[in-house]
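A quick write-up on the structure given underneath.
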Amino acid sequence: MLKGKNIIVGVTGSIAAYKAAYLIRGLVKKGANVQVVITPAGKEFITPLTLSTLSNAPVISEFFSNRDGSWNSHVDLGLWADAMLIAPATAATIGKIANGIADNMLITTYLSCKAPVFIAPAMDLDMFAHPTTQQNLDRLRTFGNRIIEPAEGELASHLIGKGRMEEPDSIICVLEHFFAEQKDLREKKIVITAGPTYEKIDPVRFIGNYSSGKMGYALAKACAERGAEVILISGPVSETIAHPNVTRIDVESADEMYNEAMSVFPHVDAGILCAAVADYKPAVSMDKKIKRESSAELTLQLTPNKDIAASLGAIKKEGQVLVGFALETNNEEAHALDKLKRKNLDFIVLNSLKEKGAGFRCDTNKISIIDQKGAIAEFPLKLKQEVAVDIVDKLATLLL
Ligand code: CTP
């Protein structure tokens, strides 16, 4: 699983830095390409010579070399990595990265890193238990970082408690598990609808809604990162996505979205219907701009759009999985379950507009997942990327 993976190992100033040597040797043995970045304090605990010998590459520590004026690009490094692992991570480094204090090469690399970041804290038990450290770790978790909890045991201070950096073999296991899990959908094809639809009134006006497409795009990314081939049918949004596994089809109206979804669905394993499809469209859309000819009232006659979810539900074959969303303001669970049944969905993701930070236009969401038996799993408020991972986890249990 680690063969050919590019891994940045960040080493900071802790007595546990000696374990970084075993960690790096283990990663290299498994076929990973390791680039070590060490903080100035880290060099007090273990020499760059040891780490560069084990990783087969010069250790990076400074922004530039005083000898020849060459400089190290933390941006290139951040883009190169498939994962970054900070082990050991001291309380100081945890505090700095949680707050963007980019005063060394390791932290600028962290800030430039687009890949998943794993952090293995190492410190004294009271430092670890301190609310400051815990708050910083919580903050890092909300940014999507993965914390590898320290173990209990004897510490450098000879006190016994929680704060020992996790053992190198266990850390390697975490990474292997992450990369294995990541590709579990590689044989699967998934269609996702996202964003709003625009229903044309005349050449300059439309009926739309506030959907930003963020949730649908986060789902597309989460599925693609786990190896699935994704067809993203997107209404008009400003979101972008650049992943080799994602093919994006841009549409504007519910009718266009319906046509694309109906032609793609027979060839996929799953459909996630995240779009906020307009329920109605103008009965007639005008070719010319409607003029304000008088002060008389204007009446728009609306006609219902086709229900994409229900139409896909009606043609769903054995083995295909269909996931819908419900945004409700009252009687949430009953309405959502009713929608699940009406549209022949396998599960439905409920987000309530009553929840602060959930729903349209925000970066966070708070969901419940309701299955066909009516069982409800509630999730806390999370970033949409993290919510997407929870939804894809549930989807994977039905697909695999
Ligand atoms: N949906 C769809 N096509 C439509 C309307 C909705 O595919 N024309 C999908 C949405 O993408 C979502 C689910 O159906 O996954 C529920 O959408 P929602 O708007 O909550 O449901 P409606 O059936 O439109 O019910 P209502 O607006 O009355 O709550």
Do you know which residues across region 301-322 are more than 8 Å from the ligand (Cβ to nearest atom), among the aliphatic types (A, V, I, L, M) and out of contact with any Phe, Trp or Tyr (no Cβ under 6 Å at 6 or more places or on another chain)?
A314, I315, V321, L322
Taking T90 as the residue in question, decide whether it is surrounded by fewer than 20 Cβ atoms within 10 Å (Cβ to Cβ), hydroxyl-bearing (S, T, Y) and in contact with a strand residue (DSSP E or B) (Cβ under 9 Å, 6 or more places away or on another chain).
no
List every residue pair whose Cβ atoms lie under 8 Å apart, where the two residues are 6 or more positions apart in sequence or sit on different chains, the first residue falls within region 344-359 and is within 11 Å of the ligand (Cβ to nearest atom), and the second residue, located anywhere, is among the aromatic types (F, W, Y) and assigned to a strand (DSSP E or B).
I348/F325; V349/F325; L350/F325; N351/F325
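Going by what's in this entry, would A278 be described as part of a loop (DSSP other than H, G, I, E, B), within 12 Å of the ligand (Cβ to nearest atom) and in the same structural domain as Y198 (by TED's automatic domain parsing)? Let's see the steps before the verdict.
Details: part of a loop (DSSP other than H, G, I, E, B): yes; within 12 Å of the ligand (Cβ to nearest atom): yes; in the same structural domain as Y198 (by TED's automatic domain parsing): yes.
In short, yes.
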What pairs come out if I take residues in region 131-149 that are in the same structural domain as K96 (by TED's automatic domain parsing) and pair them with residues that are among the acidic types (D, E) whose C-beta lies under 6 Å away, six or more apart or interchain?
I148/E166
For region 323-333, give me the residue count where each residue is within 7 Å of the ligand (Cβ to nearest atom) and either basic (K, R) or under 8 Å from I272 (Cα atoms) (or both).
1
Filtered residues of region 14-42 (kept if surrounded by 20 or more Cβ atoms within 10 Å (Cβ to Cβ) and either assigned to a loop (DSSP other than H, G, I, E, B) or among the small types (G, A, S) (or both)):
S14, A16, A17, A20, A32, T39, G42
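Within region 356-383, track down each residue that is aliphatic (A, V, I, L, M) and either surrounded by fewer than 15 Cβ atoms within 10 Å (Cβ to Cβ) or within 21 Å of G213 (Cβ to Cβ) (or both). I'd like the intermediate steps shown before the answer.
Of region 356-383, the ones aliphatic (A, V, I, L, M) are 358, 367, 369-370, 375-377, 381, 383.
Correct list: A358, I367, I369, A375, I376, A377, L381, L383.
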I need the helices (runs of 4 or more DSSP H) fully contained in region 167-265, keeping only those with at least 1 residues that are surrounded by fewer than 24 Cβ atoms within 10 Å (Cβ to Cβ) and at pLDDT below 95.
168-182, 214-225
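The values are calculated or read from the model by the stated rules, or taken from the named source; none is laboratory data. Values in this document were obtained by computation on a predicted structure and should not be read as measured data. All Cβ positions, glycine included, derive from the backbone under ideal geometry; neighbour counts span all protein chains shown.
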